[in-house]
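Asker: Quick one: structure below, then a few questions.
Just so you know, all these numbers are worked out from the coordinates, no wet-lab data involved. What you see is a predicted model; the values in this text were computed from it and never measured. Cβ atoms come from the backbone with ideal geometry, glycine included; neighbour counts cover every protein chain shown.
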Amino acid sequence: MRFAAIALATGFVGTLFAANVQGSPWTDRAQAAGLFTMDPVDIDPIETGGIGTAGGSEAMRLIDLRSGKVCRTERAAPATATFVEAPLGEDCRQSPALSRVAFWRAAADGTLILADRGGGTVIAFAPGDGVLYESIYPLDALITIVPARS
């Protein structure tokens, strides 16, 4: 323990010493402040990751990792800011997690909400890394949405 404390203190003092020896590369604050201002950046207006935005009738697969059920659905009715009928087929009804889903909608933050006939949230998805969407609600739902290969 004592050795670790000595090594940590030596490293800290060495870092401070090296920082003071090197000095600042700028002669005044105005010159240094210019490096930390940012010009406005043009953001590409192309929307990505939304259901229905990457093409009208592309298929996708919903994978229920708990039950092992995989179902394919077409993007015939794209998710919008308001609830629309979710185009889930009978094979999706075999998944306990997906059996109650009737509608879906895309939220402004990029999440996808799947709801039951009463409008209650059944499953919520967030855009995924390596998949289109990953389930984030409820915590015990383990479902991913990936592009379907023909």
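Asker: What is the Cα coordinate range of the stretch 59-147 on the first, second and third principal axes, sorted by size from largest, in whole angstrom?
Answerer: Cα extents, longest axis first: 30, 27, 25 Å.
Asker: If I stretch the segment between Arg2 and Thr80 completely, what's the gain in nm (0.36 nm per residue apart, minus their alpha carbon distance), one decimal?
Answerer: 22.0 nm
Asker: Moving on. Work out the FRET efficiency for Thr111 and Arg149 from their Cβ-Cβ distance, taking R0 = 25 Å, and round it to the nearest 0.05.
Answerer: 0.50
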